[in-house]
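The values are calculated or read from the model by the stated rules, or taken from the named source; none is laboratory data. From a predicted model like this one, the values you see are computed outputs, not experimental measurements. Cβ placement follows ideal geometry from the backbone for every residue including glycine, while neighbour counts extend to all protein chains displayed. For the accessible areas, the whole protein counts, side chains as well, though only heavy atoms, and no ligand, DNA or RNA atoms are used. Shrake-Rupley method; radii C 1.70, N 1.55, O 1.52, S 1.80 Å.
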Amino acid sequence: MISRNFKNVLVVSVGFLSLFTAYGGLQSLQSSLNAEQGMGVASLSVIYASLIISSMFLPHIMIKNLGCKWTVVAGMACYVSYSFGNLYPGWYTLIPTSAVLGLGGAPLWSAKCTFLTIAGNAQAAEDGKKGSDVINQYFGIFFFIFQSSAVWGNLMSSLIFGQDSNIAIIPEEQLLACGAADCSLNLNMNSTSTRPAQELVWTLVGCYIGVGVLAMIIVAVFLDNIDREESSHFRENREPFSKTFLATFRLLKDWRLLTLIPLTMYSGFEQSFLSGEYTKNYVTCALGIHYVGYVMMCFGATNSVCSFLFGRLARYTGRAALLLFAALANFSCIIALLFWRPHPDQLPVFFVFPALWGMADAIWQTQTNALYGILFPRHKEAAFANYRMWESLGFVIAFAYSTFLCLETKLYILLSFLVLTVITYPIVEYHERKHPTPSIQEAGHPPHNQEGFHNDKGKIVAQTKL
């Protein structure tokens, strides 16, 4: 029999898998599908700008009032609204639904991270294991299942768009503008001709809406409300709004969080580059939009498998070695992309880059999320809200300059943030190695003294004070 905590991890993971099968597929296509006047990347920029605002106050308030479970359900509903906006894409449909998605995104991810951290600490206490090891394992399992959403979402788009009878051979003049080519060629490339038939777009978006609603049902029905008593206690003893509003910013007094900002922002930069720039300037440009799904499937499959492996491997190698490996992989890809001129005859190469990128991203996601949970065990919502806020800032900046900077310049910006990350992250890692942050069990606060804690015959309902 699997433990209650592990069952909850599986439910959260499958729910996110279903939800991001829809959103991940739409995100990968925005720069190509809604390329007119940069509407697609503009909508993505609005999403992450709204996510930054949301991160400032909504996660703490919603998790405290609704609990992790119902915060996740509410956040999922916001994501589904974006799929409806893509049925008839326009400035008056995409931008409002993008803002709604962003507002729900920060509470959704903060609740998920808080939930996994609570479950990891609870299971560690039951099994007599180190909390950070179980948290790492749970995040690895989550990202193993979650990252495979890129496979299914992009498979759906490629199979449906592959039925388009108007797929044309890419002309040689357009191939000259692909990759980090001459800036004037790159900026003037016309991508509106790559849009498939409207009936196929409706079919795809309808499928995405269905799997998004399924995600909400899975979480609402099968996920345990493990922090129910914490939420009930909070509603009975409401804190002042100013206190909850400033919870995210108060944590910025911790120098460790400030030092992790470059690492966190780089996570946004590197993800936005693959979904926004690589898909448009390399794949769609040289192969056509119907290949975007297949290429991103390669990214998702590699990311999923590596998330699971690295989540388990971290206990033997440590975080620092894995993050250095990810940095080297991204550095090599960036340098290669600066010089590569994509051509349809080089089909295997189009899949090499997303495979390497997926391997590196698996490390960035699993290890950075786990690091935040380990460094700030008593301020989990505020810590993960900060994580989401700074990562979203990376997304916003990258999508904001997407339509008017040369691809070569974008690659150099990405490289600069990677170098800054390699300089700043080891400072935090060195301090944590010399002065480990005590886990909840080690901090000298026995469970029966923790407000809102309830233990019924080993059945943990809430592990820490949120």
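Heavy atoms of the protein chains alone define the surface here; on that basis segment 278-321 has 33 Å² accessible area per residue at 1.4 Å probe size.
Relative protection proxy for 397-409, 286-298, from highest mean packing down: 286-298, 397-409 (other beta-carbon atoms within 10 angstrom). Here is the link list: K130/K253; K64/K112; K112/K434. Which ones come out longer than 25 Å on Cα distance? Over 25 Å Cα-Cα: K130/K253; K112/K434. Residue separation of I53 and Y401 scaled by 0.36 nm, minus their Cα-Cα distance, works out to 123.3 nm of gained length.
Relative to the Cα centre, the charge distribution of the chain, modelled as +1 at Lys and Arg Cβ and -1 at Asp and Glu Cβ, gives a dipole magnitude of about 1280 debye. Here the chain has 66 percent of its accessible surface on carbon and sulfur atoms, given a 1.4 Å probe and all protein chains in place. Other residues with beta-carbon under 12 Å from the beta-carbon of R388 carry, at +1 per Lys or Arg and -1 per Asp or Glu, a net charge of -1. Kirkwood analysis of the chain, using all unique Cα-Cα pairs, places the hydrodynamic radius at 22.4 Å. Could you work out the local net charge near W364, counting Lys and Arg as +1, Asp and Glu as -1, over the other residues with Cβ closer than 13 Å to its Cβ? Cβ neighbours under 13 Å give a net charge of -2. Just check segment 291-353 against the gyration tensor rule for me: Cα atoms, a ≥ b ≥ c as the square roots of the eigenvalues, rounded for a/c under 1.5, and otherwise prolate or oblate depending on whether a/b exceeds b/c. Since a/c reaches 1.5 but b/c is at least a/b, the shape of segment 291-353 is classed as oblate.
Here segment 1-137 is treated with +1 on each Lys and Arg Cβ and -1 on each Asp and Glu Cβ, and its dipole about the Cα centre works out to around 340 debye. Packing, taken as the mean count of other beta carbons within 10 Å per residue, orders the peptides 249-258, 270-279, 209-218 from highest to lowest as 270-279, 209-218, 249-258.
Our helix-only sum for the chain, with -39,500 (n - 2.57) per DSSP H run of n ≥ 4 divided by its residues, gives a mean residue ellipticity at 222 nm of -24500 deg cm²/dmol.
Counted residue by residue at 0.36 nm each, then reduced by the alpha carbon distance between them, the extension gain from E408 to F325 reaches 27.5 nm. Express in whole angstrom the spacing between the alpha-carbon centres of segment 257-272 and segment 320-358. Segment 257-272 and segment 320-358 have Cα centres spaced 19 Å from each other. Per residue, segment 1-146 exposes 28 Å² of accessible surface when a 1.4 Å probe is rolled over the protein heavy atoms with every protein chain present.
With contacts taken as Cα pairs under 8 Å at a separation of at least 6 residues, the chain carries a relative contact order of 28 percent. Shape call for segment 255-306 from the C-alpha gyration tensor, a ≥ b ≥ c root eigenvalues: rounded (a/c under 1.5), prolate (a/b greater than b/c) or oblate? Here segment 255-306 falls in the oblate category.
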